[in-house]
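The values are calculated or read from the model by the stated rules, or taken from the named source; none is laboratory data. Note that the structure is predicted; figures quoted are calculated from it, not measured. Here the Cβ positions follow ideal geometry from the backbone for every residue, glycine too, while neighbour counts run over all protein chains shown. All accessible areas refer to the heavy atoms of the entire protein, side chains included, with ligands and DNA or RNA removed. Shrake-Rupley method; radii C 1.70, N 1.55, O 1.52, S 1.80 Å.
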Amino acid sequence: MSPSRESEHQRTAIEPHIVTPPPGPKSRAYMEREKRLFFAAWYTDKDVPLIMRRKRGWLIEDVDGNRYIDMATGWASTPLGAGYEPVIERTIEVLRESGGVECTDYVTDVHLFDLAEKLVEVSPPNLTRVAPDTTGTEAVEAALRLAREKTGRYFVITFHGSFHGGNYGAAGAGPLSPDVTRGIKEYIHGFIHVPYPTCYRCPFRQTYPACGLACLDYIEDVVLRYETTPDQIAGVLYEPIQGENGVYIPPDGWIEGLHEMGRKYGWVMMDDEVQTGFGRTGKMFAIEHWPGVEVDLMPLAKALSGGALPIAAVLGTDAVMTASDEIYLGGTFAWQPAACAGALAGIEAMERERVLENVARLEQIAQERLASLVDRYEIVGDVRIKGVYIALEFVEEKESKRPAPTLTRAIHRRLLAKGLIAIHEAGLWWIRLLPALNMPPDLFRRGCDLIEEAVAEVSREQGRGVA
Ligand SMILES: Cc1ncc(COP(=O)(O)O)c(C=O)c1O
């Protein structure tokens, strides 16, 4: 792509603009059609009541002509903003050249190789092999099968509040909430769920570091004493930072301690970087925040796409990835030639554009503008920030930490009316921000201003005021 096209991307109009508060009349008409066409859970309790017309750069435009700052980025899947030309152009080029869909584990296409090599190059040194997939859910399920195949063992330890995907295996693994596992839990066996270090809401009612990482001791003291023996456990599947549960960042020692236990018992350590991978937390992969920790399998998706076509992968060690030559993973759509070319262009662009430096700038702004809301508003219970993995947790009052889902909903709706799309789901009491890694700092600052305005207005209206 020529430099002029690249800078055109950077220059895209970057002002939010609300013509008519959402849902505008056109969005409402679409939402009526939606109710007639889709399954019930799709349209019930719609979190973002508007219909998108297009997106470009760091903004989303709806059918009513409203423009919003995009802090959802396709759930972290457009890391370079929407329509990032070097990725889109390369994807289209290879889509034409390759002729469209191919089942590449049968007729293997030339574009797979450069991507596989690039992934091995940018990932931790002990991860040397790749298993292709299409979605994060599939990559997680592939990792579970690889771990069981390698060890010949059955159980996998996973964590309360984790999310690993939406199908039976992955949803069964990640008990984010009873909603996610409803109708699934009773059919899926083989997981042992244990507490994650959700320190703001410690299930043991303790405080770090005085707790001595009681949540880690729980595995040895309870699971390995009453539930099963270490030699029946194939591995541990964890998010290095819990995303959907509201960006819980493990305290020092937890990941290290977990891996020490895994090494002792021969468990396959599965680091789910589907959401944290490719710069989101300020490092290429979140696990790099804990130097010296070596994972065995690493599911990847979302940002791997570069924002163009769906693609996912599991990276793994020689030992795990070559333990069986009989396991079937992937599927018809895994690693389409054009998706591979787009993904490679995306990773190259992240390196070329030094996005990690921008993430550090955005993180600093978030620390200055958002972390301080805890001190100023009674309803802001906690703000958790790692890179541009950000959550604001809302409470009825600080002392009791009583969750405030209704207030949170009101703040989220107010943000939409002001021109910002963040992440909030019905019934939950936190709002997450997943801006593009290359979002201009001024636009991010503007977004932080809108957040403070929304928090201040809802606080005042609810008679809560300043802490
Ligand atoms: C940590 C994690 N793992 C797995 C998944 C599932 O990915 P997908 O939605 O691509 O199936 C998600 C999705 O949000 C995720 O956050």
- Please name all residue pairs, on different chains or six or more residues apart, with Cβ atoms under 8 Å, provided the first residue is in region 41-60 and is closer than 20 Å to Arg28 by Cβ and the second residue is of a type in the set (Ser, Thr, Tyr) and open to solvent by less than 50 Å² (accessible area, probe 1.4 Å). Pro49/Ser27; Leu50/Ser27; Ile51/Ser27; Ile60/Tyr68
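Within region 132-145, is even one residue modelled with pLDDT of 95 or more, within 30 Å of Pro441 (Cβ to Cβ) and touching a strand residue (DSSP E or B) at 6+ places or on another chain (Cβ under 8 Å)? Write out each step before concluding.
Pass one, region 132-145, residues modelled with pLDDT of 95 or more: 132-145.
If we keep only those that are within 30 Å of Pro441 (Cβ to Cβ) too, we end up with 136.
With touching a strand residue (DSSP E or B) at 6+ places or on another chain (Cβ under 8 Å) added as a condition, the list becomes 136.
Yes, there is a match, as at least one residue in region 132-145 is modelled with pLDDT of 95 or more, within 30 Å of Pro441 (Cβ to Cβ) and touching a strand residue (DSSP E or B) at 6+ places or on another chain (Cβ under 8 Å).
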- Mind checking which residues of region 321-356 are over 20 Å from Lys118 (Cβ atoms) and either open to solvent by less than 10 Å² (accessible area, probe 1.4 Å) or among the charged types (D, E, K, R) (or both)? Asp325, Glu326
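What are the residues in region 431-467 that are over 30 Å from Ile347 (Cβ atoms) and of a type in the set (A, V, I, L, M, F, W, C), if any?
Here is the first cut: in region 431-467, the residues over 30 Å from Ile347 (Cβ atoms) are 449-467.
Those that are over 30 Å from Ile347 (Cβ atoms) and of a type in the set (A, V, I, L, M, F, W, C): Leu450, Ile451, Ala454, Val455, Ala456, Val458, Val466, Ala467.
Just name the residue that is nearest to Ile390 (Cα to Cα) out of those in region 61-77 that are open to solvent by less than 10 Å² (accessible area, probe 1.4 Å) and within 16 Å of the ligand (Cβ to nearest atom).
As a first pass, look at region 61-77 and keep what is open to solvent by less than 10 Å² (accessible area, probe 1.4 Å): 62, 66, 68-71, 73, 76.
Checking the rest, the ones that are also within 16 Å of the ligand (Cβ to nearest atom) come to 71, 73, 76.
Details: Met71: 10, Thr73: 13, Ala76: 12 Å.
Here the residue is Met71.
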- Task: Kindly check whether there is at least one residue in region 414-437 that is surrounded by fewer than 22 Cβ atoms within 10 Å (Cβ to Cβ), without any contact (Cβ under 8 Å) to a residue 12 or more places away in the chain and either part of a helix (DSSP H, G or I) or of a type in the set (Val, Ile, Thr) (or both).
- Result: no
- Task: Identify, by number, the condition in (1) more than 15 Å from the ligand (Cβ to nearest atom); (2) of a type in the set (Asp, Glu); (3) in contact with a helix residue (DSSP H, G or I) (Cβ under 7 Å, 6 or more places away or on another chain) that Glu141 doesn't meet.
- Result: (1)
- Would you list the helices (runs of 4 or more DSSP H) that sit entirely within region 89-175 and hold 2 or more residues that are surrounded by fewer than 20 Cβ atoms within 10 Å (Cβ to Cβ) and in contact (Cβ under 8 Å) with a residue 60 or more places away in the chain? 111-122, 136-151
- Note on the structure: Of Arg376, Arg369, Arg402, the only residue that is surrounded by fewer than 18 Cβ atoms within 10 Å (Cβ to Cβ) and either assigned by TED's automatic domain parsing to the domain that holds Gly282 or in contact with an Asp or Glu (Cβ under 6 Å, 6 or more places away or on another chain) (or both) is Arg402
